[in-house]
């Protein structure tokens, strides 16, 4: 099921000034975006929307928890997320100044679809390496059986293969040039 019209602000009927909008994200949203690698979550986006005659200013605060898979032990855990971003929406036809923080809408536009912007904001909250947080004693929060299994596959012996001598010459070259 596609999520439609749930993340749209119909600004044409709003008076100039400040308005507040709340958007919720749950399992259905994350199922629609599998590339986020989020199994579930409870996230809120609070949008402080300022309407002016020539532009729109938005402050977007994203906060909540995402259920993600740990890259170390492959178990799911709740990852707290929090982010504040700003978006300026101008009216016109010059799309050469469009950036992540500045959008251009046609003058006849009457609504603002934030779905992609909010999706990207949530995606930016997710770290590249997702690992269980440590407990209060400083121990990893990962599955202990998996950690033991990973430790059993560690090798402490150096490789039996000799390094290609060309690498040593390159190291010497770097050391000579850095002096």
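The values are calculated or read from the model by the stated rules, or taken from the named source; none is laboratory data. Remember, predicted model here, so these are calculated numbers, not experimental data. So basically every Cβ, Gly included, is an ideal-geometry build from the backbone, and we count neighbours across all protein chains shown.
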* Asked: Could you say which residue among 41, 64 is within 30 Å of residue 145 (Cα to Cα), assigned to a strand (DSSP E or B), touching a strand residue (DSSP E or B) at 6+ places or on another chain (Cβ under 8 Å) and at pLDDT 95 or above?
  -> 64
* In region 79-93, which residues are surrounded by 15 or more Cβ atoms within 10 Å (Cβ to Cβ) and within 23 Å of residue 27 (Cβ to Cβ)? -> 79, 81
* If you go through region 114-159, how many residues are assigned to a helix (DSSP H, G or I) and over 22 Å from residue 24 (Cβ atoms)? -> 9
* **The lone exception for residue 12 - which of (1) closer than 19 Å to residue 90 by Cα; (2) modelled with pLDDT of 90 or more it fails** => (2)
* Structure fact -> Checking 145, 94 in turn, the sole residue that is at pLDDT below 90 and either under 12 Å from the mean Cα position of the chain (by Cα) or under 30 Å from residue 15 (Cβ atoms) (or both) turns out to be 94
* Collect the residues in region 79-95 that are touching a strand residue (DSSP E or B) at 6+ places or on another chain (Cβ under 6 Å) and free of Cβ contacts under 8 Å to residues at least 40 places away in the same chain, keeping them in residue-number order. => 80, 84, 85, 86, 87, 88, 89, 90, 91, 92, 95
* Taking residue 22 as the residue in question, decide whether it is part of a strand (DSSP E or B), more than 15 Å from the chain's Cα centre (by Cα) and farther than 23 Å from residue 90 by Cβ. => yes
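One line per residue, one yes/no per condition, for (1) surrounded by 13 or more Cβ atoms within 10 Å (Cβ to Cβ); (2) within 20 Å of residue 84 (Cβ to Cβ); (3) touching a residue at least 12 places away in the same chain (Cβ under 8 Å):
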| residue | (1), (2), (3) |
| --- | --- |
| 10 | no, no, yes |
| 15 | no, no, yes |
| 19 | yes, yes, yes |
| 25 | yes, yes, yes |
| 40 | yes, no, yes |
| 50 | yes, yes, yes |
| 53 | no, no, yes |
| 57 | yes, yes, yes |
| 63 | yes, yes, yes |
* Out of 105, 124, report the one residue that is over 21 Å from the mean Cα position of the chain (by Cα) and touching a residue at least 12 places away in the same chain (Cβ under 8 Å). => 105
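Take region 105-119 and flag every residue that is surrounded by 12 or more Cβ atoms within 10 Å (Cβ to Cβ) and modelled with pLDDT of 90 or more. Let's see the steps before the verdict.
Initial filter on region 105-119 (surrounded by 12 or more Cβ atoms within 10 Å (Cβ to Cβ)): 105, 109, 111-115, 117-119.
Result: 111, 112, 113, 114, 115, 117, 118, 119.
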